[in-house]
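Read-outs throughout are calculated quantities, based only on the coordinates presented, and are distinct from any laboratory measurement. The shown structure was predicted, so the numbers you read here are calculated from the model rather than taken from an experiment. Backbone-built Cβ (ideal geometry, glycine too); neighbour counts: all protein chains shown.
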Amino acid sequence: MADQKRTRQPNGASSIYFGKDGKWHGRVTVGVRDDGKPDRRHVERKTKAEVTKAVRELEKARDSGRVRKTGKAWSLGAWLEHWVENIAKKYVSENSYDGYEVDVRVHLVPGLGAHRLDRLEPEHLETFYAKMQASGSSAGTTHHVHRTVRVALGEAVRRGHITTNVAEIARAPRLEEEDIEPYSIEEVQSLLLEASKLRNSARWVVALALGLRQGEALGLKWEDVYLDAGYVRTRKNRLRPKYEHGCADPCGRKAGYCPERRQVRREFKSTKSRAGRRTIGLPEPVVKLLRKHHEEQARERQEAGELWEGKGYVFASPTGEPLIPNTDYHRWKQLLADAGVRDGRLHDARHTAGTVLLLLGVPDVVVDAIMGWEPGGAARMRARYMHVTGPMLKKVADQVGEALWGPPDPN
């Protein structure tokens, strides 16, 4: 039994020894525990060859960063709730946090929360996605849930709670890109005519002519508008408001409808991407409309007197407060109905501006800059427009051909 004698190894080195219980034991230092002491993992086998193999495998896992952190194993539900409230909330934008929180609370915890974090399999996720869609969730919603759990599990891997992000292995739901359906010139003219009757009419001109996103348009301030030079700079995004109760006694209403509600979210955030921070030239008709809008706002400021909130927003309430995105959306829907134009998303106004730029033959790099498309995704975005612009360009070419050489010979 000379080979079974236990000899002292250097500090931190793995050890293999024969125990009084008649089994072979191995101990491997894989890191440091939360209390600062070495994290020593134990394995036991019947033979020395078996325990040596187990020790070497544990050493390889340690060296490749695949050893799970010590401590009580997380359930998936507990980890997701911890991640969204204590990790993600500190480092992502308010809008991103809202999306994560809904995915975790409404979908992931009820559907998958009982699984142990370190025993979650790709098949569990794929089965869950299929159940979501069978229950009526759209592919877009299911895909968003997949992205959320992928980010959360990625953080668990980074912190050593698990060794593999199974969401990167699981097949995400197939997400079909929606067709671009820009408004025609006639529809745009009908919308602009109807919008001219409204307060803040320039808001819709900016959407249809410049292609600003909703958050960019509602976050636009006069300090970023240069009418004499003929351009605007997009640097801020309006955030959806969030409220909490301000009443001493429960009023029985949702926080947003509480008479004493308090705003708990900042009004805007700085545009985070370089592509989003951009300078856009203003057509002369738009410059004239914005000048008129500025004059109308100045009159409203005088009428409001001390009630005016001087926050500098281009599109504001009668007292200078920023517009609420949800209210802005419903006004767009009402504008479509009043103008007799087919129903569509507010984002379709942006698609219209992008299509017009491509039809005019504006160079790709300029289109990307005006629309605020990221360099990595710009080509893909332009490709989404080609099924619209291709036929339109052919129609224009045929019209030019008829004007120059007459109608084509029917024979």
Potential lengthening between ILE185 and SER135 on full extension [0.36 nm per residue; Cα-Cα distance subtracted]: 14.0 nm
field: Point-to-point label distance, THR127-LEU193, nm (Cα→Cβ direction, 7 Å offset)
entry: 6.0 nm
- prompt: Which whole-Hz couplings ³J(HN,Hα) result when phi for each residue of the range 152-161 is put into the Karplus expression 6.51 cos²θ - 1.76 cosθ + 1.60, θ = phi - 60°, listed in order with x for Gly and Pro?
  reply: 5, 6, x, 5, 5, 5, 4, 8, x, 6
Distance-filtered residues of the range 230-274 - backbone nitrogen under 19 Å, label point 7 angstrom along TYR91 Cα→Cβ: 272-273
- request: Would you please give the residues with an amide H less than 5 Å from that of ARG116, counting only those at least 5 places away or on a separate chain, with H modeled from the backbone geometry?
  value: LEU76
query: Under 5 Å between amide H atoms, partner at least 5 residues away or on a different chain: which partners does ILE162 have, H built in plane at 1.01 Å?
result: LYS69, VAL157
- prompt: How much FRET efficiency would the formula 1/(1 + (r/R0)^6) give for LEU175 and ASP98, where r is the Cβ-Cβ distance and R0 is 22 Å, rounded to 0.05?
  reply: 0.60
message: Show me, for the range 311-327, the HN-Hα J-couplings you get by feeding each phi into the Karplus relation (A = 6.51, B = -1.76, C = 1.60, θ = phi - 60°), rounded to Hz, glycine and proline as x.
response: 9, x, 6, 5, 10, 9, 6, x, 10, x, 6, x, 6, 8, x, 5, 5
task: Using only Cα atoms, locate the centre of the range 118-148 and the centre of the range 150-189, then give the distance between them in Å, rounded to an integer.
output: 12 Å
query: Using modelled backbone amide H atoms (1.01 Å from N, in-plane), which distant-in-sequence or interchain residues come within less than 5 Å of LEU323's amide H?
result: SER317
task: Give me the distance in nm between label points sitting 7 Å out from Cα along the Cα-to-Cβ direction at ALA78 and TYR226, one decimal.
output: 5.7 nm
